[in-house]
Amino acid sequence: MMINGILTFLSVIGRYFLSFLRHTGRLAEFTAISVFHVFRPPFYFRTLGRQMVEIGYFSLPVVGLTAIFSGMVLALQSHTGFARFSAEGAVATIVVLSMTRELGPVLAGLMVAGRVGASMAAEIGTMRVTEQIDALTTLSTNPFKYLVAPRLLAGTLMLPVLVLIADVIGVFGGYLIGTYKLGFNPANYIARTWEFLEPMDVISGLVKASVFGFLITLMGCYNGYQSRGGAQGVGQATRNAVVSASILILVFNYLITELFFSR
Amino acid sequence: MTEAVPKLRLRGLHKSFGPKVVLDGVDLDVMPGESVVVIGGSGTGKSVMLKCILGLMRPDSGSIQVDGEEVVGISARERERVNHKFGMLFQGAALFDSLPVWENVAFGLIQGSRMPRKQAREKAIEKLLAVGLKEDVADLSPSELSGGMQKRVGLARAIADEPEIIFFDEPTTGLDPIMADVINDLIVKCVKDLGATTLSITHDMASASKIADRVAMLWQGRLIWVGPASEVFTSGNEYVDQFVHGRAQGPITMQVRK
């Protein structure tokens, strides 16, 4: 009885482990094939353009709103904190460093994961279950080249652009609160913003953004591509795409920060 | 006619999913210009057979030859070249809903054959007319069309690049009897115009007798009967008899239990 219980327990662990390995292997293969096709002609510039507009341009309102409120709340919170040891002057620096190094890329990444990752998984998943992906193959078109590669490239290229805009908007949000509510002198606030900002702060944020863009589109495409069995399968794919992209963003955020740490 | 190389030759095709054997040694020759229809109940592996030929699935063992050339296990690039000879009408039409109707029809021309868009559009409209659709559907989205019209667009897409072999996956499923007959007529006409070889799978006997030169019956992963379409109703094979007359009683018992 006891032994049986232990065996069942072990076999459950084994099953999960094997399934984990299977998924990891499948994802690694998918990633390798996709990246390979990003660099190999023919290139579908029309699809690439459409995806760049979809990811870059149409995400602007969401990302912009996220950024401005984050910048505003940062100014308020850091002011509360720093006022306790009379270091209110650091507010501008804190806002710009937090935005460029952390909040810009992470919040933009999470918002885009919800917006773009979900819609990619749903679109490609629906194409899978309605045999549109099979149809591509029969029309001598490689689905990796036509569907996946342009999306990966568009995500990797457009997220840094979005994050750069988010950085500016976030800093502007901090400036609004700083000057109108906390009583900073505008010229002073702007000077403090620039004073301690280093190129590496912005660059590390943009590197993060690029990696996040890749992860978001990869998860969207991968989960969509693997989806099976009608509406329910597409729903699952969409959920998995958003959840896995969000978690990967947070994990890679730490890893990249570690890499750039103290630089 | 002299002994020609079959357009399509299947030998000993096996495919299993886990413990479930779906194809258990399928042998079939399709000669140039011939129209072969594979009949069989749902879940007997008809679609799996088509997917193996199209390279969407890899058979466990066996050989598939197109014009005498082995296509099992060829590279993705080779596959693109071979698939150039193929046209396929999917069961649900499988139109790209992000593209307008004309781009669907012209897809193979633009992406596969690198034809300029303007020229491809003219060709697409020509094909739409050939399947009895008007020019004004060209700029509609596929979701604005009825099921029968979607099937016709699918047919136009399948024949657009003038393929040598066309596959039909249940071409009449989900259509009313009149529309089904219209599609059957279109298939016969288009195939004749192109001089193409066709392989269809269906369980609609009206459709099978209309488009087939030869009929093959798939059951339990094997082709248990192959013969001229004219003999399918008088085959003397009790499995075929039961199927074509649609009787619940007979040697084929539906597996209700899983």
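The values are calculated or read from the model by the stated rules, or taken from the named source; none is laboratory data. Predicted model only: the values in this text are computed from it and were never measured. Positions of Cβ are backbone-derived with ideal geometry, glycine not excepted, and every protein chain shown enters the neighbour counts.
Here are some notes:
- Qualifying helices (runs of 4 or more DSSP H) (wholly inside segment A:176-263; at least 1 residues being within 18 Å of A:L159 (Cα to Cα)): A:199-226, A:230-260
- Of everything listed in (1) within 14 Å of another protein chain (Cβ to nearest Cβ); (2) touching a residue at least 12 places away in the same chain (Cβ under 8 Å); (3) touching a helix residue (DSSP H, G or I) at 6+ places or on another chain (Cβ under 6 Å); (4) of a type in the set (A, V, I, L, M, F, W, C), the single unmet condition for B:M115 is (2).
- Residue match in segment B:138-153 (condition: under 29 Å from B:G43 (Cβ atoms), among the hydrophobic types (A, V, I, L, M, F, W, C) and within 14 Å of another protein chain (Cβ to nearest Cβ)): yes
- Residues located in segment B:76-87, provided they are surrounded by fewer than 24 Cβ atoms within 10 Å (Cβ to Cβ), more than 7 Å from every other protein chain (Cβ to nearest Cβ) and either aliphatic (A, V, I, L, M) or touching a helix residue (DSSP H, G or I) at 6+ places or on another chain (Cβ under 7 Å) (or both): B:V82
- Of the residues making up segment B:93-112, just one is free of Cβ contacts under 8 Å to residues at least 24 places away in the same chain and within 7 Å of chain A (Cβ to nearest Cβ), namely B:Q111.
- Considering the conditions (1) in contact with a helix residue (DSSP H, G or I) (Cβ under 8 Å, 6 or more places away or on another chain); (2) within 14 Å of another protein chain (Cβ to nearest Cβ); (3) crowded, with 18+ Cβ neighbours inside 10 Å; (4) closer than 18 Å to B:V188 by Cβ, B:V131 is excluded by exactly one of them, (2).
- So A:L164, is it surrounded by 16 or more Cβ atoms within 10 Å (Cβ to Cβ) and closer than 30 Å to B:V105 by Cα: no
- Out of B:E135, B:E144, B:E122, one residue alone is at pLDDT below 90, more than 22 Å from the chain's Cα centre (by Cα) and farther than 18 Å from A:L136 by Cβ. It is B:E135.
- When B:A124 is tested against (1) surrounded by 23 or more Cβ atoms within 10 Å (Cβ to Cβ); (2) facing chain A (nearest Cβ under 9 Å), only condition (2) is not met.
- B:M49 being buried (at least 22 other Cβ atoms within 10 Å of the Cβ), closer than 22 Å to B:A160 by Cβ and touching a residue at least 60 places away in the same chain (Cβ under 8 Å): no
- Segment B:212-231, residues that are in contact with a strand residue (DSSP E or B) (Cβ under 6 Å, 6 or more places away or on another chain), outside any loop (DSSP other than H, G, I, E, B) and either of a type in the set (K, R) or in contact (Cβ under 8 Å) with a residue 60 or more places away in the chain (or both): B:R214, B:V215, B:A216, B:M217, B:L218, B:R222, B:L223, B:V226, B:A229
- Any chance A:V95 is surrounded by 17 or more Cβ atoms within 10 Å (Cβ to Cβ) and at pLDDT 95 or above: no
- Within segment B:172-184, the set of residues being surrounded by fewer than 17 Cβ atoms within 10 Å (Cβ to Cβ), part of a helix (DSSP H, G or I) and in contact (Cβ under 8 Å) with a residue 24 or more places away in the chain comprises B:P177, B:D181.
- When segment A:119-137 is limited to residues that are under 19 Å from the mean Cα position of the chain (by Cα) and surrounded by fewer than 21 Cβ atoms within 10 Å (Cβ to Cβ), the one that is nearest to the other protein chains (Cβ to nearest Cβ) turns out to be A:E123.
- Yes/no for B:F90 being surrounded by fewer than 23 Cβ atoms within 10 Å (Cβ to Cβ) and either more than 15 Å from the chain's Cα centre (by Cα) or within 13 Å of chain A (Cβ to nearest Cβ) (or both): no
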